Amino acid sequence: MQAEAAGNQQLLKVLNRMALVRHLCANPGLSRADLAVAVGLTKSTVSMLTRELIAEGWLVEREVVATGDLGRRPTPLFIDPSRLLLLGAEVGVESVRVVATSLTGEVRARTVASYGSSRTAKVCINSLGNALLRIGKQLEDAHQQVIGIGVGLPGGVDEASGHLHFAPNLGWRDVSFGLLLKEKLHGSPLEGVPLLLQNEADVAALGEMEFNPSPASDPLLYVSINQGVGAGVIVGDRLLTGRRGFAGEVGHMVLQVNGPLCSCGRRGCAEALIGLRAMLGHPDPSAPAPALSSLAEIQQRLGDQQADTVAAVNKAGAYLGVLLQNLATAYDPACIVLGGSVVELGDAFLAPALSTLNEYAAAANLEPPTVQTSRFGADAVAVGAAALARYRLTRPMIPSSSSSKALADTGVSEAEGE
C-alpha cells in the first residue's frame, strides 16, 4: 500500500509539472502566482515545481516586470527555447526530412536525404537514422539535450508499438518501423531517446496545434495532399487515431462510384481523384508513385496555359472541395488547414476547391468552415513530428502505451518506472 501511495504521489507530481509546462506554452510570461491560480495549485507547490523545471531546462525566468506596486515584483516564466530539443522527421516517398526544434517549435537545424533508386523499408530507415544522427551532431552542446524524437509516416501506424500497417505509395506492409529504427540508433547518442511514430497528416495536425502561438482552433482538421491524401483530426485537444491507427485516411474515402483505380485497390478514392496521379492523367496505380518533380512539370504546364492540364488541375481541385465538404459535415471543424506539396499549385488548384466547398455550404444555408494553408510549409510534417514528441511528453494521461514509457525514459516521471 505504501508503494502504491508513493507511486500515486509521484504520478500526481508528473501531472502537475506538465500542467505548468502546457500552461506556459499557451500563456507565456506568467508569474508563479499567476500559474498557481491558473492551474489550481498552491504557491509553494508551484514554486517548488518551477525550480525543478528551470534546473532541468524546461522553463526559464526573464526580466522582472515593473508593475508600480510596492514589494517584490513578479518574475515572468517562459518555456526555455534553448536547452531541451525535439527531433522531428518526415518519411516521404522519395526522401526523409529531419528538423530539430525548440520546445516552442522554432527550427534550429534541418536536413534532407534522398533514398536513391531503392525505396525498401531497410534503405529508408537507414537514410532516416543517418539523417537523425547528422542533425544530432550539429546540436552537440553540453547544455542541450534531445528529449524526444517524432516520426511522421505515409500510412496507418500503431503508435503504441511503432508498427506501420500499410504505406501504399511506398508499397510497404507490416513493417516494424519503430523497432528497426531503434536498432539503427543503437549505440549512438540518440539511443534511449523516446521515439514516437504516427501518420504524417496526424503529426502535421499536432504541429498546427502544439506550436501555434495563439489558441488553436478546435476541432482542427489538417488535410495533406502529396502523392497521396490524408488528414489529421484533433478534437478536444486530442488526436483521433482510431482503433488500428487508420483514422484520417481520407484519401481512401470513396468520392465516385466505379471511379479510377486507387493504389489501395478500391475505385473512386479521393487520392485517385485529387492527388498527383489524377493531374497527370490517371497512370497505373500499381506503378511507383509520381515523383515530386512531376509537380514542377504541372506548374510549368499551368504557366503555359496547357488546356488539358488546366482542366485536370481544376477537376482535382473541385474534388478536393467535395472531400472538404464531407469532412466539414462529419466533424464541424473550427478550422481546416491544407498542407502538402500539391498546395504549392496555388489558386489553380485551391480556388476550385474553395468554390465547391462554399457552394455546398450556401446550398445548406451554412457558413463554410475557415480554410487556411499550413504556416510551416515544406517542414509541416517534420515539425509536426517534433510536436508529437512534445504532445506525448506533456500529456501523460492521454491513452497511449508508448507515452508512459516515453515519460519514464526521459526521467520526467519516476512514478511509472519499471
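Can you compute 3J(HN,Hα) from phi for each residue in region 258-265, using the Karplus curve 6.51 cos²θ - 1.76 cosθ + 1.60 with θ = phi - 60°, rounded to whole Hz and x for Gly and Pro?
Once θ is set to phi - 60°, the couplings for region 258-265 become 6, x, x, 5, 9, 5, 7, x Hz.
Taking the Cα centre of the chain as the origin and placing charges on Cβ (Lys, Arg +1; Asp, Glu -1), which of VAL14, ASN258, TYR319 is farthest toward the positive end of the dipole?
VAL14
For region 341-383, what does the alpha-carbon gyration tensor say about shape, rounded, prolate or oblate, given a ≥ b ≥ c as the root eigenvalues, a/c under 1.5 as rounded, and a/b over b/c as prolate?
oblate
So for each of 227-238, 76-87 I average, over its residues, the number of other beta carbons within 10 Å; can you give me the resulting order with the highest mean first? Spell out each step's value before the answer.
Numbers: 227-238: 22.3, 76-87: 20.5.
Highest-to-lowest ranking by the protection proxy: 227-238, 76-87.
Can you list the lysines whose alpha carbon is less than 23 Å from that of LYS13, not counting same-chain residues fewer than 8 positions off?
Counting by Cα, and skipping residues close in sequence, LYS13 has these lysines nearby: LYS43, LYS405.
For the chain, what is the accessible area per residue in Å², given a 1.4 Å probe and the full set of protein chains?
Normalised by residue count, the accessible surface of the chain is 44 Å².
May I ask you to order 174-187, 106-119 by the average number of other C-beta atoms within 10 Å around their residues, highest value first?
The densest-packed peptide leads the list: 174-187, 106-119.
SER118 versus VAL257, label points 7 Å from Cα toward the beta carbon: distance in nm?
Inter-label distance under the simple model: 4.7 nm.
Please state, rounded to one decimal and in Å, the Kirkwood hydrodynamic radius that the chain gives when every pair of distinct Cα atoms enters the mean of 1/r.
Here the Kirkwood hydrodynamic radius works out to 22.6 Å.
Once the principal axes of the Cα atoms of region 122-277 are found, what is the range along each, listed largest first in whole angstroms?
58, 40, 28
Report for the chain the percent antiparallel among DSSP-assigned beta bridges with both residues inside it, nearest 5.
60
What value, in deg cm²/dmol to 500, does the helix sum -39500 (n - 2.57) over DSSP H runs of n ≥ 4 give at 222 nm once divided by the residues of the chain? Mind showing how you got there, number by number?
Numbers: 13 runs with 171 residues, N = 418.
That comes out to -13000 deg cm²/dmol.
Which percent of the accessible heavy-atom area of region 99-185 goes to carbon and sulfur, probe 1.4 angstrom?
Numbers: 1820 of 3840 Å².
It is 47 percent, rounded to a whole number.
The values are calculated or read from the model by the stated rules, or taken from the named source; none is laboratory data. These numbers come from a predicted model, not from an experiment. Glycine gets a Cβ as well: all are built from the backbone with ideal geometry, and neighbour counts include every protein chain shown. Heads up: the accessible areas ignore ligands, DNA and RNA and are worked out on the full protein's heavy atoms, side chains in. Shrake-Rupley method; radii C 1.70, N 1.55, O 1.52, S 1.80 Å.
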